[in-house]
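The values are calculated or read from the model by the stated rules, or taken from the named source; none is laboratory data. Everything numeric in this text was worked out from a predicted model, so none of it was measured. Cβ placement follows ideal geometry from the backbone for every residue including glycine, while neighbour counts extend to all protein chains displayed.
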Ligand code: GLU
């Protein structure tokens, strides 16, 4: 086919438009540190996990993850009222970091190699372990092995606990939802026999409904919570690691847990060692 002048002009115009869109799109997105220098940050948290990340009312958020997020933001020069908290469900954390919808994520986010393929992690700032939440009167479920008997267990899509049960206890009937609060509702109505995720998350739900649920209290994995951030942003990772270390050293880390985990029976553990990889 011969390309005439009009066609050539058309092709050029299209190429220019694509190039211009790409350039404009690229210029729009600022790095997390640039946003912080401008005085604002968008931080991903959970909205429905009592003791960790809970949206209490419009603009009011509470929990250990929220306190860690605020502490880090403060070290980056951002005041708490200039933080926009955005809900980051378990399955969306990597994509929301990659797309720049959030500057970083503080949301009971376990560090693992698969996730490290897409995002980087500062921390760890807390170490939890997978456990089970059951009805207070339940005497059948004493650990993940009890799930062999066709028991129905609920967890969250895209979470490490859901994956662990599906891989290691394939005979159990795993129900996945988008959030743990939906799982706890299913446990309340008897639609499932157990909820599985990190002990510290389950303890928050148990404390909200005294006498109703109990933790099996035998953790069977290690979940190191990190602050997820854009892959390759070494400066941000270093800065956040320094902030986590400062929070541990000046007593704020311990105080935040004492406040957030009050009533759960959780005692403050030895602080984890930050991994400067
Ligand atoms: N820490 C686990 C994870 O990152 C479970 C908690 C959660 O889903 O946020 O998958």
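Quick notes on this one:
- Within the stretch 20-39, tally of residues that are in a helix (DSSP H, G or I), at pLDDT 95 or above and surrounded by fewer than 13 Cβ atoms within 10 Å (Cβ to Cβ): 1
- Counted residues, the stretch 83-112 - those being touching a strand residue (DSSP E or B) at 6+ places or on another chain (Cβ under 7 Å), more than 12 Å from the ligand (Cβ to nearest atom) and more than 14 Å from residue 232 (Cβ to Cβ): 8
- Filtered by the rule that a residue be touching a helix residue (DSSP H, G or I) at 6+ places or on another chain (Cβ under 8 Å), closer than 21 Å to residue 64 by Cα and not in a strand (DSSP E or B), the stretch 119-161 gives 129, 159.
- Residues in the stretch 167-186 that are part of a helix (DSSP H, G or I) and within 11 Å of the ligand (Cβ to nearest atom) were compared, and the one that is farthest from residue 52 (Cα to Cα) is 183.
- Looking only at the stretch 148-157, and only at residues there that are buried (at least 16 other Cβ atoms within 10 Å of the Cβ) and within 16 Å of the ligand (Cβ to nearest atom), the one that is nearest to residue 197 (Cα to Cα): 155
- Residue selected from the stretch 187-209 under the condition crowded, with 19+ Cβ neighbours inside 10 Å and more than 14 Å from the ligand (Cβ to nearest atom), by the criterion nearest to residue 131 (Cα to Cα): 194
- Considering (1) within 27 Å of residue 95 (Cα to Cα); (2) within 20 Å of the chain's Cα centre (by Cα), the lone condition that residue 253 does not fulfil carries the number (1).
Okay, residues lined up against (1) surrounded by 14 or more Cβ atoms within 10 Å (Cβ to Cβ); (2) free of Cβ contacts under 8 Å to residues at least 40 places away in the same chain; (3) touching a strand residue (DSSP E or B) at 6+ places or on another chain (Cβ under 7 Å):
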residue: 61; (1), (2), (3): yes, yes, yes
residue: 66; (1), (2), (3): yes, no, yes
residue: 71; (1), (2), (3): yes, no, no
residue: 75; (1), (2), (3): yes, no, no
residue: 114; (1), (2), (3): no, yes, no
residue: 117; (1), (2), (3): no, yes, no
residue: 126; (1), (2), (3): yes, no, yes
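- Here residue 239 fulfils each of the conditions (1) away from the ligand (no atom under 16 Å from the Cβ); (2) surrounded by 15 or more Cβ atoms within 10 Å (Cβ to Cβ); (3) over 30 Å from residue 37 (Cβ atoms); (4) touching a residue at least 24 places away in the same chain (Cβ under 8 Å) apart from (3).
- The set of residues in the stretch 77-93 being surrounded by 21 or more Cβ atoms within 10 Å (Cβ to Cβ) and closer than 23 Å to residue 156 by Cα consists of 85, 88, 90, 93.
- In the set (1) within 11 Å of the ligand (Cβ to nearest atom); (2) in a loop (DSSP other than H, G, I, E, B), the condition left unmet by residue 164 is number (2).
- For residue 225, the conditions (1) exposed (fewer than 13 other Cβ atoms within 10 Å of the Cβ); (2) within 16 Å of the ligand (Cβ to nearest atom) are fulfilled apart from (1).
- First in the stretch 88-100 and closer than 19 Å to residue 180 by Cβ and in contact (Cβ under 8 Å) with a residue 24 or more places away in the chain, second anywhere and away from the ligand (no atom under 13 Å from the Cβ) and not in a helix (DSSP H, G or I), Cβ under 6 Å, 6 or more apart: 94/118; 96/102
- Note on the stretch 200-223: residues that are within 17 Å of residue 54 (Cβ to Cβ) and either in a helix (DSSP H, G or I) or within 22 Å of the chain's Cα centre (by Cα) (or both) total 9.
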